[in-house]
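The values are calculated or read from the model by the stated rules, or taken from the named source; none is laboratory data. These numbers were taken from a predicted model, which means no experiment stands behind them. Neighbour counts are summed over all protein chains in view; Cβ atoms, including those assigned to glycine, are modelled from backbone coordinates with ideal geometry. To get the accessible areas, we keep the full protein, side chains included, count just its heavy atoms, and leave off ligands, DNA and RNA. Shrake-Rupley method; radii C 1.70, N 1.55, O 1.52, S 1.80 Å.
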Amino acid sequence: MYGVRYHIPTGNRQDGTMSEGDADTFKAVELDHPEPEPVPKTQSSPQVDPVQTSGLTPSLEPAQPQNRIDIQALAESSPETELEDTRPASVVTPGAGAGAGAEAPASRWKSAMDQFKLKRFFVLRPGTLSQGLEDIKALVNPEEDGTVHGIWLMTEVDHWNNERERVVLITENCLLLCKYDFVMLNCEQIQRIPLNFIDRIAHGNFTYPPRSLLKREESGVRVFWDRLREPSFSTRWNPFTTDYPSCTFTYHPVRNVDETFLALCEIQTFREKLTEAAQRAHLRKPIPGKANGVLVLNQPLLIEAYVGLMSFIGNQNKLGYSLARGNIGF
């Protein structure tokens with residue numbers, strides 16, 4: 001809108017001059033001016049006024065921000081893609097969380113207790129095992145026993161179910177059962193069994209009489225060397241007898257510590273090596289009047305013990321092992 005000035009005369013004068021009564025008046029006049037053409041909005045504009053864009057056509061609607069993800073398009077294009085942001089949070093029930101939290105401390109506590117029990121064995125002390133093996137090998141008689149073919153660390157189970165720690169050697173001519181004190185590093189006893197005397201080797205799980213209160217879940221190996229002689233009544237009921245025509249072995253408690261002890265305590269390898277060595281000994285030195293050869297049997301190993309109160313107390317406290325016992329001593 002613009003103002004236009006008009007002159008309105010108040011009297012008739014021929015000279016064309018304006019008298020004092022003349023007056024200038026203004027009248028508002030509206031002029032049409034062309035409106036400026038709107039500048040088209042490009043999609044790259046990051047800011048859009050919702051008031052100005054409310055009347056635009058659908059083709060001129062403001063573009064969405066580039067950092068916004070079309071979840072439905074992603075789901076249609078790749079159905080296997082997991083959208084973690086769109087999934088509801090998993091709900092953990094109080095019972096499940098409490099159970100999982102209780103199992104972890106229990107397993108850690110059990111593992112810590114097992115490690116504490118294993119550390120009490122003197123055979124695990126640094127240098128103890130190597131020193132013990134050297135001491136035992138020094139006691140081998142090359143003329144009587146021959147060369148050493150293998151050495152194992154095992155547990156001997158007697159006829160009263162008592163466990164005793166033993167170092168077992170297979171030589172060219174003999175089977176040596178060594179009682180070694182890993183605390184004092186001293187070999188206390190050696191039982192020598194000629195290989196050509198061995199006639200049976202049995203392996204399997206341990207069994208007890210039907211009314212026995214004892215139970216053992218492990219497997220073992222039993223070696224027989226006098227088939228014709230059966231143990232007498234006094235021998236069966238004497239827990240300290242050494243005149244028994246067989247010996248029984250099972251796994252040592254420390255066999256799962258590392259790979260070295262796992263190979264040193266392997267019973268199956270011991271059985272295979274003993275069978276081969278006994279077969280060679282029978283061919284080399286046959287016994288007159290006796291069937292030569294070794295019979296290998298896969299059968300349960302029966303231990304005729306019923307109550308076993310003494311063996312239960314001794315096995316639970318590992319009295320047959322070289323163990324650290326605090327202030328009590330070994």
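With K and R counted +1 and D and E -1, the other residues having a Cβ less than 13 Å from that of residue 151 yield a net charge of -1. Based on alpha carbons, the Rg and Dmax found for region 243-291 are 15.1, 47 Å.
Relative intensity of region 150-236 on a log10 scale, I(q)/I(0) at q = 0.18, 0.22, 0.24 Å⁻¹, equals -1.02, -1.35, -1.42, per a Debye sum over C-alpha point scatterers of equal strength in the absence of solvent. Around the Cα centre of region 143-256, unit charges on the Cβ atoms of Lys, Arg, Asp and Glu (plus for the first two, minus for the last two) sum to a dipole of about 560 debye.
Within the accessible area of region 154-313, the carbon and sulfur atoms contribute 55%, probe 1.4 Å, all protein chains present.
Computed over the alpha-carbon atoms, region 191-309 gives an Rg to Rh ratio of 0.99, Rh here being the Kirkwood radius from the mean inverse distance.
Highest average first, the peptides 269-279, 283-293 ordered by how many other beta carbon atoms sit within 10 Å of their residues are 269-279, 283-293.
Our note on the geometry: Cα centres of region 121-189 and region 216-251, 19 Å apart. Across the cross-link table entries 215/290; 290/318; 137/318; 117/215, which are compared at the Cα atoms, the separations over 31 Å belong to 215/290; 290/318.
Under a Cβ-Cβ cut-off of 12 Å, what is the net charge of the residues other than residue 318 that fall near it, where Lys and Arg count +1 and Asp and Glu count -1? Overall, the nearby charge balance is +2. With the highest mean first, a sort of the peptides 194-201, 183-190 on other beta-carbon atoms found within 10 angstrom per residue produces 194-201, 183-190.
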